[in-house]
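Report on the structure given below.
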Amino acid sequence: MAEDPDELARLAERYRKFAADEAHGVSPHYERLARSIAGSAPILRFLNGLPAPRRQPNLLLGAATLIAGRPPDIASLTDMVASRADELRATMLKRSTQTNEPARCAVLLPLLAALPQPLALIEVGASAGLCLLPDRYGYDWGHARLAPASPGAPIFRCAATGPVSLPVAPPRIVWRAGLDLNPLDVMSDEDTAWLEALIWPEQDDRRHNLQAALAMARREPPRVVRGDLLADLAPLMAEAPTDATLVVFHTAVLAYVSSIEARTRFVDSVRQSRAVWISNETPAVFPDIAARAPASPRGRFLLAVDGEPKAWTGPHGQSLDWFAPGD
Ligand SMILES: C[S@@+](CC[C@H](N)C(=O)[O-])C[C@H]1O[C@@H](n2cnc3c(N)ncnc32)[C@H](O)[C@@H]1O
């Protein structure tokens, strides 16, 4: 590909912005590395040779981690771009950022447990389906706990504040299915290695919890169907038992649906069905819901039920700040 200096400058700026806005305060290693990438002509040229949607920092860092077996530093990444460029390129073309964060179940559980039981769950954008197993994990919300129902399952710590009713028993889930453009398989070593590579270097708790959740999920893998949430939801909803409360939920997914019209079409399709709709997304995804929530603490997701805002949540399920009136 011909070198475009403006494009290289834009890429450098994108990696600098990633360092300042996303990695800063979360991963000193990735913050340093992203700044170094922004100053590295060979790495920027390598990125410029990829299709535009494949130049994302998280994709490069995950792919390099997968190949090296540990997070790269600037020297090893420069070396990889020089000597293993084909392998790195192939991984970045094959994979996408499909982080599956089961700890997000800690913010969903109070809503699920408060619904008429039993439940039939559909998760759109399920990745490997680890968030489809909220009844099996353990939870520690600070002032309330729930022991894991499955032996060896992780216990997710989530700091809960506000007038939220924290469950004393897991929800009763009688049917569950996920939908994803590219389902990952908890039984595949390649897929699970990719999920691990997407976790940032200093986040050991997340890595341990992911490994424990995967080990548990392998004993009874969740079903995740290949399909598009904009086109393939209705047939899945039709499979759900009618004597259970149907819930359609998503976390960290609808930002991938780029047009607000398409997101609205999805919402209409759920609202016109019998399903309860639970959304846990950045506030920019549904600005009309965010407009009815109190001011957002920086970097939080907005949790809503049937379009009603309920709480700000930590993006990896690490906090739940409930602002809706209590029962
Ligand atoms: C960041 S992951 C989140 C996975 C999971 N919901 C979680 O919170 O751990 C986003 C997932 O959404 C899926 N996805 C994006 N657009 C989609 C669409 N139009 N239809 C179905 N799945 C989609 C991606 O393939 C990816 O697996």
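No value in this document is a laboratory result; all are computed from the given coordinates. The model shown is predicted, which means the values in this text are computed figures rather than measured ones. Heads up, the Cβs are rebuilt from the backbone with ideal geometry, glycines too, and the neighbour counts pull from every protein chain shown.
Couple of notes before you dig in:
- Mean Cβ count within 10 Å, highest first, over the residues of peptides 290-296, 129-135: 129-135, 290-296
- Between 0 and 90°, nearest 10: helix 57-68 axis offset from the chain longest Cα axis: 80
- Potential lengthening of the chain between E220 and N58 amounts to 55.4 nm, from the contour at 0.36 nm per residue minus the alpha-carbon distance.
- Label zone of R70 (point 7 Å out along Cα→Cβ, amide N under 20 Å): in region 173-214 this covers 193-209, 211.
- Residues whose amide H lies under 5 Å from that of A126, counting only those 5 or more places away or on a different chain, are L179, D180; hydrogens are built 1.01 Å from N in the peptide plane.
- Largest-first principal axis extents of the Cα set of the chain (Å): 59, 42, 38
- Inter-label distance, nm, simple model (7 Å from Cα along the C-beta direction), A20/T242: 5.7
- Cα-Cα P(r), region 5-94, percent of pairs per 5 Å interval: 3, 15, 28, 28, 19, 6, 1
- Dividing the radius of gyration of the alpha carbons in region 83-133 by their Kirkwood radius gives 1.24 for Rg/Rh.
- Compared with the dominant Cα axis of the chain, that is its longest principal axis, helix 28-38 is turned about 50°.
- Structural descriptor for region 102-322: relative contact order 24 percent, calculated from alpha carbon pairs under 8 angstrom and at least 6 residues apart.
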